[in-house]
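First up is the structure itself, then whatever we jot down about it.
The values are calculated or read from the model by the stated rules, or taken from the named source; none is laboratory data. Everything numeric in this text was worked out from a predicted model, so none of it was measured. Here the Cβ positions follow ideal geometry from the backbone for every residue, glycine too, while neighbour counts run over all protein chains shown. When the accessible area is computed, the model is the full protein with side chains, heavy atoms only, and any ligands, DNA or RNA have been set aside. Shrake-Rupley method; radii C 1.70, N 1.55, O 1.52, S 1.80 Å.
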Amino acid sequence: MKLFAGKAKGKPDAVFLFFLEGEKNLSTAAREADRLCKGQVKKLLEMGFKAGSRESELVHLPAGRWRMAVMLGLGERKTLDSERFREAVAAGLKRLCKYSLKSVEVEMINAKGTMVIEPEQARAIGEAAFFAGYRYREFKKDDGSFPSELCLFGNEGDISAPVKKAEITGQEHCYVRDLVNKPGADKFPEMLVKEARKAAKEFKLEIKVYDEKSLKKMGYNGILRVGQGSSRPPRMVMLRYRGANKPLIGLVGKGVTFDTGGISLKGPEGMERMKDDMTGAAVVLGVIRAAARMKLRQNLVAVIPLAENMPGAAAQRPGDILRMGDGTTVEVISTDAEGRLILADAIHHCRLQKPAKIIDVATLTGACNIALGRFAIGLMGTDEELMTGLSHAGLVAGERCWALPLWDEYKEMIKGEISDLRNVGRGREAGTIIGGMFLKNFARKTPWAHLDIAGTAWAIEPHPYLGKGPTGKGLRLLLRFLEAQT
Ligand code: BES
Ligand code: ZN
Ligand code: ZN
């Protein structure tokens, strides 16, 4: 799909018209569409089209600039935000998907005096077309069709910059979802290394790949032990993007290419979803690719630990004690709490690069879904300013997060009896916080934040514009965060 700022060059097939609840005055394009269909737009408004959010109506136009107009509700003006635009665009595309149209124009409503700013609105509309139009096409043909171009018009300022950003964000979001959708049979540490190498070449990033030998040399037993039950060996990738001479920002993403739980085997129900346990890794890769494509003025390092958690003959056992890269000893009570083991070494490795701050993103704990449901990313960390920045970025990006505490009192719960730490708490209490507390130990004094996306990375119920399956959660939030960093 291509995005354009301005009216379509050729003859567009359809037009998206936005409406606010309780406001019946027509925009310029709505007036034109109403004239072309002899007053049907107005009639629908009178007959019961309320313009509530996600509400849509299709009108056929017998002649004129467009063949169809899609009326899209945004809800009330006072609650209007970018999320309403994303949902409306998704509803519009759904209406059109059986008609195989090529070109769609979108009229930006005149939003003077509201909290909606046009560039932000343009970005939300543009991104949403990618989010809602995404399909995983490797193993099944398309069931519908989406327009090949979307032209945003009617704005007052220049929107070419946000439109370009929307395109990059949208494409990288699709890239992340494709990686997450890929089955475990075809997705393993070395395969993601290949993806990282491809990205490095294409977007001029520096890359370092650590194989088992070099992981052993550095003492990264967290990564090695988690990976040793699989026939496909673990790896770690480090990528660098130098877009400015600024304090370094470290990004770390959990890359468990499949999580069976290991010897502490998971139950069979829903285990197929555990191919998404590398979402953090995919997100970090997508973010650094997007940062390079957007030429963000930032200095970034991404560290991606990669392992497959399998119950093989060589797998680690519950009760095993390992020495992590930073010297900490850990008793592995559950081999299913593997994410924190590989992340601990990766965070340590990231720290050695001397970043000003570190952010990790991980499908870390099922408990996060219990605590926050599917609507919020779990946010934890040691730095108030960093956490506030992430919170704010999540809000504008449409990926909200909510903070949980990492107080010293929780430390008690992961203290080991015959080792420094154990990798799980005692009982089921505060599972998400325990995961955060474990990682905090390895971030030490470096300002650090942790995003637990276990509850949000995979949509079981269809999301209003992301549908079912991988949601790429974290990518938009981190990109916005990096864009906002001065
Ligand atoms: N990858 C899982 C977390 C997860 C669970 C993500 C469900 C998405 C949906 C993680 O490695 C894990 O298994 N965590 C355990 C931790 C426990 C053993 C302390 C969990 O959540 O049960
Ligand atoms: Zn696990
Ligand atoms: Zn896991």
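How much length is gained on full extension from residue 460 to residue 194, taking 0.36 nm per residue of separation minus their Cα-Cα distance?
Full extension from residue 460 to residue 194 adds 92.8 nm.
Which percent of the accessible heavy-atom area of the chain goes to carbon and sulfur, probe 1.4 angstrom?
Within the chain, the accessible surface is 52 percent carbon and sulfur.
Tell me the per residue accessible area of the chain using a 1.4 Å probe; a whole number in Å² is fine.
42
With all pairs of different alpha carbon atoms counted, what Kirkwood hydrodynamic radius in Å does the range 67-204 show?
16.9
With only alpha-carbon atoms counted, please give the Rg and Dmax of the range 222-308, in Å.
Cα radius of gyration and Dmax of the range 222-308 are 15.5, 49 Å respectively.
Mind listing the long-range amide H neighbours of residue 252? Cut-off is under 5 Å, sequence gap 5 or more, other chains count too, H placed in the peptide plane at 1.01 Å from N.
303, 359, 360, 361
If r is the Cβ-Cβ distance from residue 46 to residue 402 and R0 is 41 Å, what FRET efficiency results, to the nearest 0.05?
0.45
Mind putting a number on the dipole of the range 157-266 about its Cα centre? Charges go on the C-beta only, +1 for Lys and Arg and -1 for Asp and Glu, and I need it in Debye to the nearest 20.
For the range 157-266, the charge dipole is close to 420 debye.
For the charge dipole of the chain, defined by +1 on Lys and Arg C-beta atoms and -1 on Asp and Glu C-beta atoms about the Cα centroid, which residue among 106, 228, 372 has the Cα displaced farthest towards the positive pole?
106
Filter the GluC sites (Glu not before Pro) in the range 108-196 down to the DSSP loop ones having no more than 10 other Cβ atoms within 10 Å, then list what survives.
The qualifying sites are 138, 156.
HN-Hα J couplings of the range 9-22 from phi, Karplus 6.51/-1.76/1.60, θ = phi - 60°, integer Hz, Gly and Pro as x?
In residue order, the calculated couplings are 6, x, 8, x, 8, 8, 10, 8, 10, 8, 10, 9, 4, x Hz.
Taking 0.36 nm per intervening residue step and subtracting the Cα-Cα distance, what contour gain separates residue 2 from residue 77 on full extension?
Computed gain between residue 2 and residue 77 is 24.1 nm.
Could you work out how far apart the two model spin labels at residue 353 and residue 486 are, taking each label as a point 7 Å from the Cα in the direction of the beta carbon, and quote it in nm?
Going by the 7 Å Cα→Cβ label model, 2.6 nm.
Can you give the longest run of the chain that contains no chymotrypsin sites (Phe, Trp or Tyr not before Pro) sitting in a DSSP loop with at most 15 other Cβ atoms inside 10 Å?
It works out to 140-374.
Over the C-alpha atoms of the range 373-415, what are the Rg and the largest Cα-to-Cα span, Dmax, in Å?
Spelled out, the Cα radius of gyration and Dmax of the range 373-415 are 12.3, 38 Å.
Can you list which of the GluC sites (Glu not before Pro) found in the range 205-276 are DSSP loop residues with at most 14 other C-beta atoms within 10 Å?
In loop regions of the range 205-276 (DSSP not H, G, I, E or B), the sparsely surrounded GluC sites (Glu not before Pro) are 269.
Mind listing which trypsin sites (Lys or Arg not before Pro) in the range 68-172 are in a DSSP loop and have 13 or fewer other Cβ atoms within 10 Å?
112, 137, 140, 141
Past the 32 Å Cα-Cα mark, which pairs from 7/254; 208/440; 266/440; 50/102; 42/164; 98/198?
7/254; 42/164; 98/198
Rounded to the nearest 20 Debye, what is the dipole magnitude of the chain about its Cα centre when Lys and Arg each give +1 and Asp and Glu each give -1 at the C-beta?
1380
Using +1 at the Cβ of each Lys and Arg and -1 at the Cβ of each Asp and Glu in the chain, identify which of 10, 296, 97 lies farthest towards the dipole's positive end.
With unit charges placed on the Cβ atoms, the residue in question is 10.
Check cross-link reach from residue 354 to the aspartates and glutamates: straight Cα distance under 20 Å, and skip same-chain residues fewer than eight apart.
206, 326, 345, 383, 384, 385
Tell me the Kirkwood hydrodynamic radius of the range 356-486 in angstroms, computed as one over the mean inverse distance between distinct C-alpha pairs.
One over the average 1/r among Cα pairs gives 15.2 Å for the range 356-486.
How long, wide and thick is the range 2-154, going by the Cα atoms along their three principal axes, in whole angstroms, largest first?
Ordered largest first, the range 2-154 gives principal extents of 45, 35, 29 Å.
Taking the Cα centre of each part, how many Å lie between the range 142-192 and the range 40-110?
22
Once label points are set 7 Å from the Cα along Cα→Cβ at both residue 27 and residue 385, what is their separation, rounded to one decimal in nm?
4.0
Quickly work out the residue 218-to-residue 468 label distance, labels modelled 7 Å from Cα along the C-beta direction, and quote it in nm with one decimal.
Distance between label points: 3.9 nm.
Report the full-extension gain for the segment residue 272 to residue 314: residue separation times 0.36 nm, less the Cα-Cα distance, to one decimal in nm.
12.8 nm
Using the Cα atoms of the chain, I'd like the radius of gyration and the largest Cα-Cα distance, Dmax, both in angstrom.
That works out to 23.9, 81 Å for Rg and Dmax.
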